[in-house]
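Only one structure is covered here, and it is reproduced in the block below.
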Amino acid sequence: MIARFQTLERRWLFALFTFLAVAIAVWSWLQQMNTQTIARGQLKSAIVTHAMSYVEKNGYKNLNLDVISRDLNVSHGAPYRHFKTKQDLLAALALDGFTDLADTQIAFMQRYPTGSAQQLIGLSEAYVDFLVRRERLYDVMWDFTWTPDLNPETAAAARRTYVLFTESVSDYIRVQGLDPRLQDEMQMTIWSFLHGLAVLSLHKPAIVQPSQERLNRLVGSGMSAILSGYSVDQGRNNLQ
């Protein structure tokens, strides 16, 4: 009787283990079937595209590679094959932002004569255009220091926007007959105004009420006041 009971127990345990093994195999197969297939060589661009969409809706603070793998329904380790850290992924997003900003700067500047007040105001309006279109990306671009040793492409794209800005200021000083020694001061004054307005627009919208029309008015009046302060006579007085 005992031997028969032991035989039944062994059969029951064998059936149970067999059932569990089959259930695990089926679950694993279903997981693989549910995993999104991304064409070979396209995973990196898919990650960047999804991350950009996430940032433009939610900001970058809570973005991480685990969120990306979950949302794209790829394996946990897949994003890490292309981006070792969140910072590397943000660098790719910032690269897109700086490239867009530089292209926008050029498009706006080409509307006006070189060295004119209108061109510098146009350059400033390019910041407004970019800010309205890509507002959440602005923080990704400016909350970090992108260095050539760690993020060479992003650093080069950021420098391109800076060079366009400094060359425009230099052209204005030359054409308007101002003292070249005003270059650094003018750059800092204009940049402080534009960046400050952008930060307030992003983080204190109740104060700024940042519609594109209002931002353009603020930029136009602010830049006109700044440039008026750097007339030929005023420029000389500033250096005395």
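For Glu167, are the conditions met, namely being out of contact with any Lys or Arg (no Cβ under 8 Å at 6 or more places or on another chain) and free of Cβ contacts under 8 Å to residues at least 12 places away in the same chain?
When the stated conditions are applied, Glu167 passes them.
Among Gln118, Gln105, which is among the polar types (S, T, N, Q), in a helix (DSSP H, G or I) and touching a residue at least 24 places away in the same chain (Cβ under 8 Å)?
From the options Gln118, Gln105, the qualifying one is Gln105.
Residues Leu65, Leu137, Leu131: which one is touching a Gly at 6+ places or on another chain (Cβ under 6 Å) and either more than 23 Å from Ser201 (Cβ to Cβ) or at pLDDT below 95 (or both)?
Leu137
Ile173: of a type outside the set (S, T, N, Q), modelled with pLDDT of 95 or more, out of contact with any Cys (no Cβ under 6 Å at 6 or more places or on another chain) and within 18 Å of Thr104 (Cβ to Cβ), yes or no?
Spelling it out, it is not the case that Ile173 is of a type outside the set (S, T, N, Q), modelled with pLDDT of 95 or more, out of contact with any Cys (no Cβ under 6 Å at 6 or more places or on another chain) and within 18 Å of Thr104 (Cβ to Cβ).
Can you say whether Arg136 is of a type outside the set (Val, Ile, Thr) and touching an Asp or Glu at 6+ places or on another chain (Cβ under 6 Å), as far as the supplied structure shows?
Judged against the criteria, Arg136 is a match.
Would you tally the residues in segment 40-65 being in a helix (DSSP H, G or I) and under 26 Å from Asp149 (Cα atoms)?
So the count comes out to 11.
Pairs, please: C-beta under 8 Å, at least 6 apart or cross-chain, first residue farther than 18 Å from Val48 by Cβ and in segment 128-156, second polar (S, T, N, Q)?
Pairs that qualify, where the first residue is farther than 18 Å from Val48 by Cβ and the partner is polar (S, T, N, Q), are Val128/Gln212; Val128/Asn216; Asp129/Thr104; Asp129/Gln212; Phe130/Thr104; Leu131/Ser201; Val132/Gln212; Glu135/Ser201.
Given the criterion under 27 Å from the mean Cα position of the chain (by Cα) and under 25 Å from Lys61 (Cβ atoms), identify the matching residue among Gly222, Gly196.
The match here is Gly196.
Residues to consider are Thr7, Thr85; find the one that is over 30 Å from Phe98 (Cα atoms), of a type outside the set (D, E, K, R) and at pLDDT 60 or above.
The unique qualifying residue is Thr7.
Going residue by residue through segment 23-34, is there one that turns out to be at pLDDT 90 or above, among the aromatic types (Phe, Trp, Tyr) and either surrounded by fewer than 10 Cβ atoms within 10 Å (Cβ to Cβ) or at negative phi (or both)?
So far as segment 23-34 goes, no, none of its residues is at pLDDT 90 or above, among the aromatic types (Phe, Trp, Tyr) and either surrounded by fewer than 10 Cβ atoms within 10 Å (Cβ to Cβ) or at negative phi (or both).
The values are calculated or read from the model by the stated rules, or taken from the named source; none is laboratory data. The structure presented is a predicted model; accordingly, all values stated were derived computationally and were not measured. Cβ atoms come from the backbone with ideal geometry, glycine included; neighbour counts cover every protein chain shown.
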